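The values are calculated or read from the model by the stated rules, or taken from the named source; none is laboratory data. Source: prediction; values computed, not measured. In this analysis, Cβ positions are derived from the backbone assuming ideal geometry, glycine residues included, and neighbour counts consider all displayed protein chains. The accessibility values were calculated without ligands, DNA or RNA, using every heavy atom of the protein model including side chains. Shrake-Rupley method; radii C 1.70, N 1.55, O 1.52, S 1.80 Å.
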Amino acid sequence: MTEGTIRWIGGPVLKAKTGGEFHVHESLTVGAGGLLGEVIQLRDDELVAQVYEDTTGLRPGDKVIGNGQPLTVTLGPGLLGHIFDGLLRPLADESEHFFGRGISAAFDTEIDFVPTRAVGDELEPGDWFAEVAGDGPKLRCLTPPDCRGTIKQIKEAGRYRSSDTLCIVQLESGDSRELTAQQDWPVRTSRPVRRRLGPEAPMVTGQRILDTLFPVARGGRAALPGGFGTGKTVLQESLAKWCDADVIIYVGCGERGNEMAEVLDEFPGLEDPGTGRPLMERTVIIANTSNMPVAAREASIYTAITVAEFFRDQGLHVALMAESTSRWAEALREVSGRLGELPGESGYPAYLSSRLAEFYERASRVETLSGDEASVTIIGAVSPPAGDFSEPVTSHTKRYAVSYTHLTLPTTSP
């Protein structure tokens, strides 16, 4: 670990004098409260970082500690059916939107472990060595993408914590590695696949007008641009309920508190029309309201797509509902302004287009490392100010989304 000392701080952005070697996108622990941050620039003996929590109380002289790893989240089968913040930290009480600062505990829950491999079996990257019993989608315990070896020891079927050591693998180097049902993964890095496949079939949304006029390919990208109050949230909820995806990831990025409260209240009560069971059994909700720290809003989109890729690697078809990428772009603009970067069109940073492309390109239909066909389909809502579809976020999104539906406020005839 390396340390630095804060020189200047303004909102979510700080500058610190470095006392060692740091790296861009390295995760940081900031101040006595252990706030989570990330390095975004390095200049000689100074680093610039963004902090994902409320920075009230920080002052020059406080310490920043580099963790040596990029911003990372813990992924596991226990994520389904729960609600998290933009950094994938479980809400202390799922009826609340807020929790204490400095909380970085990974989500750990009990799972019903059913081994599918035995001692002596060979494991390749992405293979599964067990299944997780349950009423929702068929989930597996996966071998990490950087692990290859022979099973030396594996637990018997039973109920364990997802963080427990379930399998020990002897690597080709002769070392041993302990495997759990969880994996840590950096949110800004795509998870590897065997190969990407072309779009061959539609993802049925369950909305006839969309399936007829604006079909969405499985593993494709779609956008819902519309002004405030035009029904984007209602449509996203309808798509989440009726589309033929195995897993739903719903991220409220910078949404108004009352809208997210409605989602948090309604989703647990929705019934899955395919199984008759609660829809939450195959849903992960990432709640990041507009009055939460602005930097966490920027990270929440990457957190959501990383979770989607994890369930894709399980051999499942995933639908990601992102609302709203406009507020994500506003977070980029605010942080960029505090960094003193040259503004582009409408004040957005010049790299807005490339960041949008980077996000939407993580949607794909793939052959996973284990040989299954799976997909991630992204449906992103856009909220152009005053319903102006020529503004930068909407116009750039239309370049990367294959299908998009304009939503406008209903008009009344005179």
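Return the residues of region 246-262 that are open to solvent by 10 Å² or more (accessible area, probe 1.4 Å) and modelled with pLDDT of 85 or more; say none if nothing qualifies.
Asp246
Any residue in region 343-365 that's farther than 17 Å from Arg188 by Cβ: show its pairings with residues that are of a type in the set (S, T, N, Q) and not in a loop (DSSP other than H, G, I, E, B) at Cβ separation under 6 Å, as long as the two are six or more apart or on different chains.
Arg365/Ser375
What single numbered condition from (1) open to solvent by less than 30 Å² (accessible area, probe 1.4 Å); (2) farther than 25 Å from Met260 by Cα; (3) of a type outside the set (Phe, Trp, Tyr) fails to hold for Thr233?
Among (1) open to solvent by less than 30 Å² (accessible area, probe 1.4 Å); (2) farther than 25 Å from Met260 by Cα; (3) of a type outside the set (Phe, Trp, Tyr), the lone unmet condition for Thr233 is (2).
Given the criteria modelled with pLDDT of 90 or more, crowded, with 22+ Cβ neighbours inside 10 Å and farther than 19 Å from Phe107 by Cβ, does Ala308 qualify?
no
What pairs can you find where one residue is in region 194-209 and open to solvent by 100 Å² or more (accessible area, probe 1.4 Å) and part of a loop (DSSP other than H, G, I, E, B), the other is modelled with pLDDT of 90 or more and among the polar types (S, T, N, Q), and their Cβ atoms are less than 7 Å apart, with a gap of 6+ or different chains?
Arg194/Thr368
Could you look through region 311-338, keep only residues that are in contact with a Lys or Arg (Cβ under 7 Å, 6 or more places away or on another chain), modelled with pLDDT of 90 or more and not in a helix (DSSP H, G or I), and pick out the one that is surrounded by the fewest Cβ atoms within 10 Å (Cβ to Cβ)?
His317
Within region 278-301, is even one residue small (Gly, Ala, Ser), touching a residue at least 12 places away in the same chain (Cβ under 8 Å) and open to solvent by 30 Å² or more (accessible area, probe 1.4 Å)?
yes
From the list Ala181, Ala222, which one is aliphatic (A, V, I, L, M) and outside any loop (DSSP other than H, G, I, E, B)?
Residue meeting the stated conditions: Ala222.
This table checks each residue for (1) hydrophobic (A, V, I, L, M, F, W, C); (2) under 20 Å from the mean Cα position of the chain (by Cα); (3) under 19 Å from Val294 (Cα atoms).
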{"site": "Arg7", "(1), (2), (3)": "no, no, no"}
{"site": "Lys15", "(1), (2), (3)": "no, no, yes"}
{"site": "His23", "(1), (2), (3)": "no, no, no"}
{"site": "Ser27", "(1), (2), (3)": "no, yes, yes"}
{"site": "Ile40", "(1), (2), (3)": "yes, yes, yes"}
{"site": "Asp45", "(1), (2), (3)": "no, no, no"}
{"site": "Gly57", "(1), (2), (3)": "no, no, yes"}
{"site": "Ile65", "(1), (2), (3)": "yes, no, no"}
{"site": "Val73", "(1), (2), (3)": "yes, yes, yes"}
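Every residue in region 263-273 that is open to solvent by 20 Å² or more (accessible area, probe 1.4 Å) and either without any contact (Cβ under 8 Å) to a residue 12 or more places away in the chain or of a type in the set (Asp, Glu) (or both), please.
Asp265, Glu266, Gly269, Glu271, listed by residue number.
Just the residues that are surrounded by 15 or more Cβ atoms within 10 Å (Cβ to Cβ) and more than 16 Å from the chain's Cα centre (by Cα), please, taken from region 342-356.
Within region 342-356, Gly344, Tyr348, Pro349, Leu352, Ser353 qualify.
Go through region 211-227 and report how many residues are touching a helix residue (DSSP H, G or I) at 6+ places or on another chain (Cβ under 8 Å) and under 15 Å from Ser326 (Cα atoms).
Within region 211-227, residues that are touching a helix residue (DSSP H, G or I) at 6+ places or on another chain (Cβ under 8 Å) and under 15 Å from Ser326 (Cα atoms) number 5.
Where residues in region 210-226 are charged (D, E, K, R) and open to solvent by 40 Å² or more (accessible area, probe 1.4 Å), which of them is nearest to Lys138 (Cα to Cα)?
Going through the qualifying residues, I end up with Arg221.
Would you be able to tell me the number of residues in region 34-58 that are over 21 Å from Tyr351 (Cβ atoms) and either aliphatic (A, V, I, L, M) or surrounded by fewer than 17 Cβ atoms within 10 Å (Cβ to Cβ) (or both)?
10
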